[in-house]
Amino acid sequence: MSRHVDLKYKAVTAFQRHLANPLLRRLPFQTVLETTGRVSGLPRRTPVGGRRVGDSFWLVSEYGERSQYVRNIRAHARVRVRIRGRWHTGTAHPLPDDDPRARLRTLPRLNSAAVRALGAELLTVRVDLDG
């Protein structure tokens, strides 16, 4: 990974972890992905942007395999997603063969623009929602 990408990753994740995420995840209609911490076993909630399509929820991780929630998914695929204020359980699947830039064109415009601007190693994630 280039030095520029590494510095960008550190700056973006520090901003998200300490400022943006604590505020956004408290908003009742913000979409939130809840994973299980791979070390702690505790619930970890991350505000995300994405779209429900049928029984699946699609999102794109801006830092792919480096994202903490993707690392948590790799350890424990069972997740919950809060969509429009309602929690749904499901199983998350990182999809390295999917084209994340094409996927972003199908997701909400504002979030997709932010992911493209801030991200460096995009990765599509699909959550198969239970019934």
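The values are calculated or read from the model by the stated rules, or taken from the named source; none is laboratory data. Quick caveat, the model's predicted, so the values are computed rather than measured. We place every Cβ from the backbone using ideal geometry, glycine too, and count neighbours over all the protein chains shown. Calculation scope for accessible area: heavy atoms of the full protein, side chains included, ligands and nucleic acids excluded. Shrake-Rupley method; radii C 1.70, N 1.55, O 1.52, S 1.80 Å.
Numbers below:
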quantity: In order through region 35-51: 3J(HN,Hα) via Karplus (6.51 cos²θ - 1.76 cosθ + 1.60), integer Hz, x for Gly, Pro; calculated: 10, 9, x, 5, 9, 7, x, 8, x, 10, 10, 10, x, 9, x, x, 8
quantity: Potential extension, ARG105-ASP128 segment - 0.36 nm per residue separation minus Cα distance; calculated: 6.3 nm
quantity: Per residue accessible area in Å² of region 34-131, where ligands, DNA and RNA are left out and the probe is 1.4 Å; calculated: 53
quantity: Pairwise FRET efficiency - GLU121 versus HIS88, Cβ, R0 = 30 Å, nearest 0.05; calculated: 0.65
quantity: ³J(HN,Hα), Karplus 6.51/-1.76/1.60, whole Hz, each residue of region 52-62, x for Gly, Pro; calculated: 7, 10, x, 9, 10, 10, 10, 8, 10, 7, 6
quantity: Simple label model, 7 Å out from Cα along Cβ direction - LEU95 to ARG71, nm; calculated: 2.5
quantity: Stretch gain in nm, segment ASP55-PHE29, where the contour uses 0.36 nm per residue and the Cα spacing is subtracted; calculated: 7.4 nm
quantity: Apportionment of accessible area to carbon and sulfur, region 54-115, percent (1.4 Å); calculated: 49
quantity: Inter-label distance for ARG38 and ALA113, nm, one decimal - labels placed 7 Å from Cα along Cα-to-Cβ; calculated: 3.3
quantity: Radius, Kirkwood style, for region 36-96 when every pair of distinct Cα atoms is counted (Å); calculated: 12.2
quantity: Karplus (6.51, -1.76, 1.60) ³J(HN,Hα), θ = phi - 60°, over region 94-109, in Hz, Gly and Pro reported as x; calculated: x, 10, x, 8, 7, 7, x, 5, 5, 4, 4, 5, 9, 9, x, 4
